[in-house]
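The structure under discussion appears below in the form of structure tokens.
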Amino acid sequence: MIDALTERVRTLRTAVARTSPTPLLIRAGIFLTVLAGAVLAYPAEVLLGRTLGLLVVVAVLAAVWPRRVWPTFAALVTVAGWLLAADGYDRPVALWRLLALAGLLYLAHTLCALAALLPYDAVVDPELITRWLLRAGGVLLATAVLGVLLMEVGGLGGDSGHQLVTVAGLLVAVVVSGLLGWLLRRR
């Protein structure tokens, strides 16, 4: 029993000594984006209690284990906070808050995907991280522009417009998921 514990401590000590800064910075980015998204989603009245501590724990879990279920759990907790604020506290849906929350959720998702690929001791070319973040920024910019065009210029604002855009977004997500699944099975 003591030998097994000693071996685990030795393995952990070796892993910590070999850890490089880039994977740690990516995981710190995951922590910050998950926590910022959750704080933005939840109403201020709820954050004053123990909820903030629980949100920090959720963000830590997503940052430490990005290959597991924790990033999905963190996204669901964030969306639950958004729904709680909109339905339970009657917070109006503001376009800036919606775009910021969607951007933070996407950024957390893409950082988790990157962290899942990198072992803790990976030596990473900074150009890889720059290209990854630039591509994510391009997706966020295109999504924000399209969202603003649909909501403001296209006249889809108001309660019925939000429902229409939500249903259209869900349909697009289902079609893209089905297409990706079909392409993977074809391989």
In the list 118, 107, 114, which residue meets the criterion of being at pLDDT 90 or above and either over 27 Å from residue 46 (Cβ atoms) or surrounded by fewer than 16 Cβ atoms within 10 Å (Cβ to Cβ) (or both)?
-> 114
What are the pairs, 6+ residues apart or on separate chains, where a residue within the range 14-35 that is under 13 Å from residue 123 (Cα atoms) has its Cβ under 7 Å from a residue that is surrounded by fewer than 18 Cβ atoms within 10 Å (Cβ to Cβ) and among the small types (Gly, Ala, Ser)?
-> 20/122; 22/122; 23/122
Taking only the range 46-102 into account, find how many residues are of a type in the set (D, E, K, R) and in a helix (DSSP H, G or I).
-> 3
Taking the range 36-51 as the search range and keeping residues that are in contact (Cβ under 8 Å) with a residue 24 or more places away in the chain and of a type in the set (Gly, Ala, Ser), which one is farthest from residue 68 (Cα to Cα)?
-> 41
Residue 99 fails exactly one of (1) in contact with a Gly (Cβ under 7 Å, 6 or more places away or on another chain); (2) within 24 Å of residue 133 (Cβ to Cβ); (3) surrounded by 18 or more Cβ atoms within 10 Å (Cβ to Cβ), namely (3)
Flagged pairs (Cβ under 9 angstrom, 6 or more apart or on separate chains; first in the range 141-152, closer than 14 Å to residue 94 by Cβ and in a helix (DSSP H, G or I); second small (Gly, Ala, Ser) and at pLDDT below 75) are 151/157; 151/161
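Report yes if residue 137 is over 30 Å from residue 11 (Cα atoms), open to solvent by less than 60 Å² (accessible area, probe 1.4 Å) and modelled with pLDDT under 85, otherwise no.
Numbers: over 30 Å from residue 11 (Cα atoms): yes; open to solvent by less than 60 Å² (accessible area, probe 1.4 Å): yes; modelled with pLDDT under 85: no.
Considered against the rule, which asks whether it is over 30 Å from residue 11 (Cα atoms), open to solvent by less than 60 Å² (accessible area, probe 1.4 Å) and modelled with pLDDT under 85, residue 137 comes out as no.
Which residues, counting only those in the range 58-85, are over 30 Å from residue 23 (Cβ atoms) and open to solvent by 30 Å² or more (accessible area, probe 1.4 Å)? Walk me through how you get there before you give the answer.
In the first step, residues of the range 58-85 are kept if they are over 30 Å from residue 23 (Cβ atoms); the result is 83-85.
Of everything in the range 58-85, those that are over 30 Å from residue 23 (Cβ atoms) and open to solvent by 30 Å² or more (accessible area, probe 1.4 Å) turn out to be 83, 84.
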Across (1) touching a helix residue (DSSP H, G or I) at 6+ places or on another chain (Cβ under 6 Å); (2) more than 29 Å from residue 129 (Cβ to Cβ), residue 6 clears everything bar (1)
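Restricting to the range 75-115, count the residues that are within 24 Å of residue 142 (Cβ to Cβ) and among the small types (Gly, Ala, Ser). Before you say what the answer is, go through the steps one by one.
Just the residues of the range 75-115 that are within 24 Å of residue 142 (Cβ to Cβ), to begin with: 75, 78-79, 82, 93-115.
If we keep only those that are among the small types (Gly, Ala, Ser) too, we end up with 75, 94, 100, 102-103, 108, 113, 115.
Residues in the range 75-115 being within 24 Å of residue 142 (Cβ to Cβ) and among the small types (Gly, Ala, Ser): 8 in total.
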Checking residue 166 against (1) farther than 13 Å from residue 99 by Cβ; (2) modelled with pLDDT of 75 or more; (3) among the β-branched types (Val, Ile, Thr), which single condition isn't satisfied?
-> (2)
So is residue 38 closer than 18 Å to residue 104 by Cα, in a helix (DSSP H, G or I) and open to solvent by less than 60 Å² (accessible area, probe 1.4 Å) or not?
-> yes
The lone exception for residue 123 - which of (1) surrounded by fewer than 19 Cβ atoms within 10 Å (Cβ to Cβ); (2) free of Cβ contacts under 8 Å to residues at least 60 places away in the same chain; (3) part of a loop (DSSP other than H, G, I, E, B) it fails = (2)
Quick one: residue 93 ticks every box in (1) free of Cβ contacts under 8 Å to residues at least 24 places away in the same chain; (2) open to solvent by 40 Å² or more (accessible area, probe 1.4 Å) except a single one, so which number is it?
-> (1)
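The values are calculated or read from the model by the stated rules, or taken from the named source; none is laboratory data. Model, not experiment: these values are computed from the prediction. A quick note on method: Cβ atoms are made from the backbone with ideal geometry, for glycine too, and the neighbour counts reach across all protein chains shown. For the accessible areas, the whole protein counts, side chains as well, though only heavy atoms, and no ligand, DNA or RNA atoms are used. Shrake-Rupley method; radii C 1.70, N 1.55, O 1.52, S 1.80 Å.
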